[in-house]
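The values are calculated or read from the model by the stated rules, or taken from the named source; none is laboratory data. Everything numeric in this text was worked out from a predicted model, so none of it was measured. Positions of Cβ are backbone-derived with ideal geometry, glycine not excepted, and every protein chain shown enters the neighbour counts. For the accessible areas, the whole protein counts, side chains as well, though only heavy atoms, and no ligand, DNA or RNA atoms are used. Shrake-Rupley method; radii C 1.70, N 1.55, O 1.52, S 1.80 Å.
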Amino acid sequence: MNKEELELRKKSPVQIRNKKASFEYFFVDTYTAGIVLTGTEIKSIRLGKASLVDAYCFIHNGEIWVKGMSIAPYSFGSYNNHVMKRDRKLLLNRREIRHLAEDTKQPGFTIVPTLVFIDQKGRAKVDIALARGKKMFDKRQTMKEKEDRREMDRAFKRY
């Protein structure tokens, strides 16, 4: 990712993050993927009514899917509203999917969605990460570092 892409992500009106993923996993590699949505799903995402808690990705028949992503039903949707939790297809190149498939065969690796955002053209995108699970002592270390950063920020704000 270059600086331009990061700036565009920061300017996105919708940023739905998976905060639990950064606590549970080390991110080895990240990819940006498109997502196949229905009309009421994209409208609901634009309102910020989605969640990535307990979501993960899997590869089936050379395609990558996200499972467990929750998109709330659109409030103005009628009888053709979408199902809240369904498997949604992600759009990546074959080469990228092949690399992810090879890497996830190793023990301890998985693919987790980390961020849903709207790009400058109005399309929903998902940042996914190849992740390795943290052990309990790694989680404690992460919590300690976070607490230390907070203490340092508090100390600087006083002076």
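What to note about this one:
- Residue within the range 118-130 that is among the small types (Gly, Ala, Ser), modelled with pLDDT of 90 or more, surrounded by 10 or more Cβ atoms within 10 Å (Cβ to Cβ) and farther than 24 Å from TYR31 by Cα present: no
- Selection status of VAL28, surrounded by fewer than 14 Cβ atoms within 10 Å (Cβ to Cβ), within 23 Å of GLU7 (Cα to Cα) and among the aliphatic types (A, V, I, L, M): yes
- Residue that is least open to solvent (accessible area, probe 1.4 Å), among those in the range 96-111 that are part of a loop (DSSP other than H, G, I, E, B) and not small (Gly, Ala, Ser): GLN106
- The criterion of at least 3 residues that are among the β-branched types (Val, Ile, Thr) and more than 28 Å from ARG132 (Cβ to Cβ) is met by the following helices (runs of 4 or more DSSP H) wholly inside the range 1-64: 39-46.
- If you go through the range 39-57 and pick out every residue that is open to solvent by 60 Å² or more (accessible area, probe 1.4 Å) and within 15 Å of ASP87 (Cβ to Cβ), you end up with 2.
- Enumeration of residues in the range 83-95 that are open to solvent by 20 Å² or more (accessible area, probe 1.4 Å) and touching a strand residue (DSSP E or B) at 6+ places or on another chain (Cβ under 7 Å): MET84, LYS85, ASP87, LYS89, LEU91, LEU92
- Inter-residue pairs, beta-carbon under 7 Å, first without any contact (Cβ under 8 Å) to a residue 60 or more places away in the chain and outside any helix (DSSP H, G or I) and in the range 131-158, second open to solvent by 70 Å² or more (accessible area, probe 1.4 Å) and not acidic (Asp, Glu), 6+ apart: none
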